[in-house]
Each structure stands twice: as structure tokens, then as C-alpha cells.
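The structure appears right after this line, and notes come after that.
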Amino acid sequence: MRKSGDRSSSAFEFERALAQSTRLRSEGNEGAIVPDSAVHCPRLRRLASRLAALFLVVAGIAAHAASIRGVVTDTTGAKVTGARVILIRNGHEVGAAVSTADGSFEILTGNSGRFYLVVSASSFRQIQTPGFYAGRFDSIERTVVLEPEWVRESIVVTATGTPTPQEQTSSATTVLAPLDIGLRDDFVDALRLMPGTAVVQAGQRGAQTSLFIRGGDSDDNDIVIDGVKAGDIGGRFDFGPLSTTAVESAEVYRGPNSNLYGADAESGVVSFATPHGTTSFPSLLFQGDAGSFVTSHEELELAGAHNQTDYLAAFSWLQTDNNLPNDEYHVATTAANLGYQLGGSTQLRATLHYGVSGAGVPNAWEFYRVADQATQKDQDIYLSGSIENQTTQAFHNSLRYGVTRKREQYNLWRPSGQLIEYDPFDHFSAYYGNPVTIRGANGYTVAGRAQLDFPQTYPYNSQLVSNRDQFVYQGAYTFTPHFTALVGMHYESERGREYIPSFSTNETATRDNFDYLASVHGDYKNRFFYTLAGSLEHYSLFGTETSPRAGLSYFLFRPRHGILSGTRLLFNFGDAVREPGLSDQFGSLYQFLTVNGYTPIARQLHITPLAAPKARTYEGGGEQDFFSSRLILRVSYFHNEFGRQIEYVGGHLLPDLLPGLSPAEKQQLIGALGYYYSFDYPLDVNTEAFRAQGIESTVEGGIGRNIFLRGGYTYLDAVIQRSFDSDNEAYFAGAGIAPSLDGIPIGALSPLWGARPFRRPPHTGFFSASYAAGKISAILTSSFAGRSDDSTFLEFADQYGGNSLLLPNRNLDPGFSRIDLGGSYQLLHWLGAYALAENLTDNQHIAPIGYVSLPVNLRVGLRIQLGKETH
């Protein structure tokens, strides 16, 4: 065994051969011309031999070393010179480099294992890259994007399909970082911390929660977890039972994006990502807290990485009573993330999110003052398996198989309230709540007793099932550093079921859907950035649609030092479609005719399945940096047109809506509709259209390196342009007049023509301030919204079967303001404490009219972490 200071055997043999060759030339080859200095100078011979030995040692290391190389840029794509790049393994520095004039760097290491890079440069925030595995012969390519020191500029995927800095896209995208969601157990209030969104939770913790983006409907968004579609068939998604357990970040794209995500991305995309294990040893995290309303929350997480494998497993449990009768809520969440790198170019990964929840459903408490004896249970599985391959330095491929299994069960166990027979002639009776006075935010009030339940067989239950298997392929080829092309194909096999035994409803649907997409994005001289994309969607329900999209971003003035330190102009255009939901399909005019044996009539009158609701968006705006990019202001104007929207239309209007029907054909349709025509029962058709335009603004900046501030305001002007919903034509207590109050027409179940869509306030905003330094972190968040249009939905529901409990729709829902404050303190290296105070304004009217929001509440807990990497 050689000592550590000995030369390698190969270097020793080379030196001996060199000496022997010199001796032969000087002694045995008399005809050769050998300089005296080479023959007679031992010092020169020793120097030559040592240089040769050093060359061989370096060459030997390079032949058996991993190469980590790449380019360091800023968020605009400009190369960063002089950035220090440190290679970390097992918490220790094993290599370093400094980026050159073209931003490039290269680090060689004779080690194999798991690494990550720590990169820093003057006027930029130090960042740490995700971990990766490198074998002894691997060549790893990493492009590192440095963010400004004072603001946050994230890497986003939803805009282009490949990781791209926000500054290089024109899209409106916001990323909720770990600090935004770290103290929360759900996403309800975190989603309010962005422009262009309205979050509506119909009740307290765990209640049904909907997200409206830029005026679109709540089922116009594509929800994605680790690349897998998570929404119900047709786009509906309830954020109420979705836990933050094992969610690293949430990326929200505001605008149509069917091009990349297929049908359902009509208004926006919300993409959740699961973290990877990073420590070279098992790291165990436990946190538990308790708080108001008998609330407790426990979470356990195990994560780490070893050689080519990284792993994460997590489980959490939340239990609360809330503060209303029959409003208990619990949710159990299991999550896992397992990755394996076959080498430096290929990675396998599987992720799982499984949530089981149960919630009491007391109904609209302020309308009855009696709680329904009802529960809702959800069982949701989201599973992803993927292969990522960097085939060449320029060509990246990914293949993903996704599984979504969703089941929602609603049970009304027994009736509540007082049984009253309000129609002695027909002996019609109902269970009523207590006498109440209902007050709208618009100042109008009504008083009476509202129907709560009806005599029927109990328990009443319903079940909605959405199952989906999904295959996704995407290939991205970088022709030059300034031009990348993306192609892909999506396939979905969807199976759905709606089961309501009380109504003898047991309907199923099977759909096979294909999406083909292509896009290009790039830049010209790191100043002009563009995205051009298009897709072809073929869905078994509605046929074939196309969805073009374009985005342009131009730096009028590149970021620089000074008071006005950078100006960027933005433009976006896009089309998108949505797949009709199961309830839409089962309640459609076409389904009614075909199920009831009138398929020939449907064919003769050209009545087809529901078409895909469609959206078109134009957006233009700008971004201005101030004070050397310490403060950034973004303002944009958007104009959305939503057409072919689905609405319930009364049966007696349907014959007049279908174009080109002769009087005989109308009578033929009336005969097929039967009692649906006689009693004006509604069916689904594509007849609604509405417009939503507005101004969206955000400002963000830092004070020093530890304080970050962000705020925003959105003005939304939305209006129904076309609607044939018959709500306003319903009879008022049999008197033959439309429901109204003081002569004001009322849309009982949906907005009327010329009015605003329900539950989309014209004014919304937010503010957040975070601090993180040393052992302390703190975050203050605030959100507010103006009054919005809505309905009490108490149609034919007063004590006499009339509409006296309806109120004018305009500004019916109250506005609100909400403030939350949270923070944590690291008591010991392995022990921390945290607390969160929610709704400090004690506003119980954040939910829509009739529903009571959770008042001010406090949670306090401890966090224990065993195994924590430091560097």
C-alpha cells in the first residue's frame, strides 16, 4: 500500500521510461543530436518528469470523474459572470468553480453519489439547486437561474411546459412558496394571496371551496398534482379537503391553457408539486398543534436520499369541531415520493397523494338556525409514475402515467326542523327551519321560515365517482439556447358514475380523450421572448376542437441600476375549452331524449350531445422595476369571452331555442319532452355566454435580505351577455308573476341577462409581509373582497311554497377583510415552536350569504426534526 504522498505507479513508470529513453539517446545513438541541457541537467529532467506525472494524474482523474457543468444566467437569460458555484455532497463542499464570461462553469469530482449546487453572485440571492445523483462517468448539465436579491422570481412550468424563469414568459403566473403555505393545513386562504382570483368557501373548515379565476366559472380550472389531472370529470374541484401535507409549492396560471393541459384549462391551471427527499441520511419530521374549537393537527414525515434513490413519506391527521352544530371535520392524508436515477440522464419517479375526509354539512345556518343532519365524505387518490430522460444535451423526453380515483358521498341521515303541512289540498308538507330574518349586504331583508327537508325515505344518499387513467408524453428539443420546441400527446380514459337511490338514478359514462400539442418558445437577444402554441383535442363527448395560444414579452428597457431599472411589455392571446361535467351530461336535453327512447327525434332535429364550453382571452400589460429591481410593479388588462356555456333551461322554452324548427317539429319535441315541458323542468343546453374583463395589478419588493412584501388588487367587470335560464319566469306562489322585490327581477338559481355572474366580486385584493432570519420566521397575510351578486336559492321554499325568501341578486353577498398572523422560532437545533392566528378581524361573513365563516381562531404547536443537513 502506498502512502498518500507517493506517486501513482503509472507516473513512476512514465518517469523511468523517460529517463531510460534519454540515456539511450545520449549513449547508444551516436548519430542523434541531443542538447547538452537535456542530457547533463538533472534538474531539468526532474522537472520534465514531474510535469508528465502531473499530466497523467489529471488525465486519470478526468477519465474517472463526474462532470457537472452548466450555465449561470439571470431571470432574463443574460449570462452571469463571476458567480461562485459550490458542489455539495453529504453536507460538505467537494468542488467549486466560478462562472466565466459566457456564464459557463464546470466541476470535476472523483466522487459518486448525491450532490447539489449552491450558487451565489453579487446582487443576486443565493440559491440551492435540487439534489441529483452523479456516477463516476456521468456528465450532468445544469442551467442555474439566479433571482434578484430583493424580490422573488420563480421558475415556472405551466406557461411553456418546460421550466422557465417568470421573467422570460408573458403569462400571469404566481407561485405559492413554502413560507406561504408552511403554517397552513389547507389552501383555502393561501389561494387568496394572488391577483385575479376569488375563493368561496361555503362554510367553515373543510366545507366545499371553489376557485374563480378572472371571472370564469369554478369548474373552468385544471387542477394538477405532480402532472396528474386531479379534478372531477368536467373540471369541478373542491379545495376544502385538500391538505398541504407533502406539498412543496403551488403554481397558479391565470388564463386559458388547453394547449398544454387539454380541456378544463378554460380559465386557469393550479399545479401542486411534491417535495423530494434531499438529506443523505433519514430525516424525521414531526409537528403537532392544537387550537380553538377542539382543533388538533399532527403530521409525520420521513425523507432522505441514498445514492441513486430519494424518498419521502408523510402522514397527517386534522380534527376539528368548528363552531356550528353538526359541523365536525376530519381529514387524513397520506403522501409519498420515490425517485430513482438510472444514471445522470434518466430518472424514474412515483408519487402518491391519498386523502380521506369527512365533514358535517349543517347547510346554510343563517337561513334556518337549525342544522341539517348530513355528512359528506371524500376519498381521493392521485398517483403518478414518470420517466424523465435527457436523451442528448438538447433533447429531453418525459413519459407519465397518472391515476385519479375520486369518490364523493353525501348522506342526509334524518330530517331536521318542524314538519308543517303547507298545502292542505294536496297534503304537501315539509320540514321547516326556525323563523329567521335574512339580511342581504345590499340592505334588503325578508323574514319567514324556509323549507329545510322533505318527507321521504331516510337516509337519503348520493354518490359521485370520477375515475381517470392518463398517459402523457412530452418531448422538448433545444435547437439553440434561444429556441426550444415542444411536442406532446395526452390520452385519458375516464369513467364516471352518478348514483342517487332515492331518485332511482344510476347513470354511468365512459370517455376516451386525446390531445395533441405543439409549441415553440424562445427569445431574441434576451430581450424579446415569445411562446407560440396550438393543440388538437379530440374528446368522445364533444368531438374535435383546436386551442391556439400566443404570448409575447419585450424588454423596452433591460433591468439595470437606477430608480427606473427595467421596463417590460406583455401580451397574451389564447383559446380554451372545457369538458362538460357528469351532471351536465346526465341532465342534458340530448341525454333525456336518448335515454327515454327518442333517439330518432334527436337525430331528426339535429340535437347533439353538449358542446365544449369555450373561452377566448386577450391580455396586455407591463412590468416596471424600481430602485435597482428592489420593487416590481405589474399591471395588466384582460378581456375574456366565455361562450357555449352550459345552463339549465326550462322545458317550455326549449322548442323555441332550437334554430330552424318548423311548427310541426316543435310539436314533435313538445310531445317528447312530456311533463318536462308541462311543468317547465329544466335541462342542460349550451346557451349561456358572458364576458369578464378587468385590471390586475401586483407590487412586490424587499427591505433588506430578510423582509419581503407583496400586494395586489384586481378589478373585475363581468356580465351575462346571453341566458335563457327560466328562473325569473318561475311562478310566484301560483300568482303567475315572476319573483321580484320592489319591482327588481330576481334570478333564483342563476344570474339574469345583463347581471353579474354569482360569487365573483368586482374588487379583490391581498397583502403579505414575511420575515425570515436565523431562528425566526414570521408572515402576515391579509385578503379582502367587495360585495358580489348571489342568490338565497330559496325558490318555492317559504312556508306557503312561494318565493318570499328570495332577495335581489345585486351585491347580495357581503364584502370582507381577513388578517392572519403566523410565525415560528427554532428553540433548539432539533426543536421549534410555531403559532398561527387566523381571521383576526373576526369576520364571520367571509362565506356567501347564509353560511357562517369560522371566527378568530388560534393554533400553537411544536416541530421536532431529527436529522437535519447543514452546510
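The values are calculated or read from the model by the stated rules, or taken from the named source; none is laboratory data. Computed from a predicted model, the values in this text were never measured in an experiment. So basically every Cβ, Gly included, is an ideal-geometry build from the backbone, and we count neighbours across all protein chains shown. Ligands, DNA and RNA are stripped out before the accessible areas are found, and what is left, the full protein with its side chains, is counted by its heavy atoms. Shrake-Rupley method; radii C 1.70, N 1.55, O 1.52, S 1.80 Å.
Within the stretch 352-405, the residues that satisfy the criterion of being out of contact with any Gly (no Cβ under 9 Å at 6 or more places or on another chain) and small (Gly, Ala, Ser) are 355, 394. Any chance the stretch 506-518 includes a residue that's small (Gly, Ala, Ser), at pLDDT 95 or above and closer than 30 Å to residue 463 by Cβ? The answer is yes, given that some residue of the stretch 506-518 is small (Gly, Ala, Ser), at pLDDT 95 or above and closer than 30 Å to residue 463 by Cβ.
For the stretch 551-573, how many residues meet the condition of being at positive phi and buried (at least 17 other Cβ atoms within 10 Å of the Cβ)? Don't jump to the end; show me each part of the working.
Just the residues of the stretch 551-573 that are at positive phi, to begin with: 562, 566.
Of the ones still in play, those that are also buried (at least 17 other Cβ atoms within 10 Å of the Cβ) are 566.
Qualifying residue count, the stretch 551-573: 1.
Conditions tested, residue by residue: (1) farther than 30 Å from residue 98 by Cα; (2) open to solvent by 10 Å² or more (accessible area, probe 1.4 Å); (3) within 16 Å of the chain's Cα centre (by Cα).
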{"residue": "174", "(1), (2), (3)": "yes, yes, yes"}
{"residue": "183", "(1), (2), (3)": "yes, yes, no"}
{"residue": "218", "(1), (2), (3)": "yes, yes, yes"}
{"residue": "221", "(1), (2), (3)": "yes, no, yes"}
{"residue": "224", "(1), (2), (3)": "yes, no, yes"}
{"residue": "229", "(1), (2), (3)": "yes, no, yes"}
{"residue": "232", "(1), (2), (3)": "yes, yes, yes"}
{"residue": "235", "(1), (2), (3)": "yes, no, yes"}
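Okay, residues lined up against (1) surrounded by fewer than 16 Cβ atoms within 10 Å (Cβ to Cβ); (2) aliphatic (A, V, I, L, M); (3) in contact with a Ser or Thr (Cβ under 7 Å, 6 or more places away or on another chain):
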residue	(1), (2), (3)
598	no, no, no
606	yes, no, no
615	no, yes, yes
619	no, no, yes
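Residues in the stretch 68-109 that are in contact with a His (Cβ under 8 Å, 6 or more places away or on another chain) and in a strand (DSSP E or B): 88, 92, 93. The conditions of being more than 30 Å from residue 133 (Cα to Cα), modelled with pLDDT of 95 or more, open to solvent by 30 Å² or more (accessible area, probe 1.4 Å) and out of contact with any helix residue (DSSP H, G or I) (no Cβ under 9 Å at 6 or more places or on another chain) are met by residue 435. Across the stretch 623-636, what is the number of residues that are open to solvent by 20 Å² or more (accessible area, probe 1.4 Å) and either of a type in the set (A, V, I, L, M) or not in a loop (DSSP other than H, G, I, E, B) (or both)? The number of residues fulfilling the criteria is 6.
Among the conditions (1) within 28 Å of residue 587 (Cα to Cα); (2) in contact (Cβ under 8 Å) with a residue 12 or more places away in the chain, residue 503 misses just one, which is (2). All conditions but one from (1) touching a Lys or Arg at 6+ places or on another chain (Cβ under 6 Å); (2) surrounded by 19 or more Cβ atoms within 10 Å (Cβ to Cβ) apply to residue 649; the one that does not is (1). Taken over the stretch 624-662, residues that are touching a strand residue (DSSP E or B) at 6+ places or on another chain (Cβ under 8 Å), farther than 28 Å from residue 577 by Cα and not basic (Lys, Arg) amount to 9.
Residue check: is residue 798 modelled with pLDDT under 95, open to solvent by less than 30 Å² (accessible area, probe 1.4 Å), in a loop (DSSP other than H, G, I, E, B) and more than 30 Å from residue 117 (Cβ to Cβ)? So residue 798 fits the description; yes. Which condition from (1) open to solvent by 40 Å² or more (accessible area, probe 1.4 Å); (2) under 20 Å from residue 240 (Cα atoms); (3) touching a residue at least 12 places away in the same chain (Cβ under 8 Å); (4) in a loop (DSSP other than H, G, I, E, B) is the one that residue 793 breaks? Every listed condition holds for residue 793 apart from (2).
Scanning the stretch 339-375 for residues being closer than 30 Å to residue 850 by Cα and within 24 Å of the chain's Cα centre (by Cα) gives a total of 5. Does the stretch 293-301 contain any residue that is aromatic (Phe, Trp, Tyr), part of a loop (DSSP other than H, G, I, E, B) and in contact with a strand residue (DSSP E or B) (Cβ under 6 Å, 6 or more places away or on another chain)? Within the stretch 293-301, one or more residues are aromatic (Phe, Trp, Tyr), part of a loop (DSSP other than H, G, I, E, B) and in contact with a strand residue (DSSP E or B) (Cβ under 6 Å, 6 or more places away or on another chain). Within the stretch 844-866, the set of residues being open to solvent by less than 30 Å² (accessible area, probe 1.4 Å) and either at positive phi or part of a loop (DSSP other than H, G, I, E, B) (or both) comprises 846, 847, 848, 849, 850, 852, 853, 854, 855. Quick one: would you say residue 841 is open to solvent by 30 Å² or more (accessible area, probe 1.4 Å) and either polar (S, T, N, Q) or over 29 Å from the mean Cα position of the chain (by Cα) (or both)? In short, yes. Of these, 782, 777, which one is closer than 30 Å to residue 443 by Cα and in a strand (DSSP E or B)? Within the list 782, 777, the selection yields 782. Meeting the requirement of 1 or more residues that are open to solvent by 30 Å² or more (accessible area, probe 1.4 Å) and in contact with a Ser or Thr (Cβ under 7 Å, 6 or more places away or on another chain), the strands (runs of 3 or more DSSP E) wholly within the stretch 444-544 are 445-448, 460-480, 483-500, 505-524, 528-539. Do we find that residue 249 is under 15 Å from the mean Cα position of the chain (by Cα) and either under 30 Å from residue 216 (Cβ atoms) or open to solvent by less than 30 Å² (accessible area, probe 1.4 Å) (or both) in this structure? So residue 249 passes the test. Within the stretch 562-581, is even one residue part of a strand (DSSP E or B), among the hydroxyl-bearing types (Ser, Thr, Tyr) and farther than 30 Å from residue 102 by Cα? Checked the stretch 562-581: no residue is part of a strand (DSSP E or B), among the hydroxyl-bearing types (Ser, Thr, Tyr) and farther than 30 Å from residue 102 by Cα.
Among the conditions (1) open to solvent by less than 30 Å² (accessible area, probe 1.4 Å); (2) within 30 Å of residue 288 (Cα to Cα); (3) in a helix (DSSP H, G or I), the only one that residue 207 does not satisfy is (3). Just one residue in the set 778, 772, 755, 833 is open to solvent by 20 Å² or more (accessible area, probe 1.4 Å) and in contact with a helix residue (DSSP H, G or I) (Cβ under 7 Å, 6 or more places away or on another chain); that residue is 772.
Residues of the stretch 131-152 that are under 23 Å from residue 708 (Cα atoms) and in contact with a Phe, Trp or Tyr (Cβ under 7 Å, 6 or more places away or on another chain): 146, 147, 148, 149, 152. Against the list (1) free of Cβ contacts under 8 Å to residues at least 60 places away in the same chain; (2) of a type in the set (Ser, Thr, Tyr); (3) assigned to a strand (DSSP E or B), the condition residue 422 fails is (1). Within the stretch 652-662, the set of residues being crowded, with 16+ Cβ neighbours inside 10 Å and assigned to a loop (DSSP other than H, G, I, E, B) comprises 652, 653, 661. Considering only residues in the stretch 801-819 that are among the small types (Gly, Ala, Ser) and at negative phi, the one that is surrounded by the fewest Cβ atoms within 10 Å (Cβ to Cβ) turns out to be 817. Here the stretch 94-153 is the region considered, the condition is being under 22 Å from residue 273 (Cα atoms) and among the basic types (Lys, Arg), and the residue that is modelled with the lowest pLDDT is 152.
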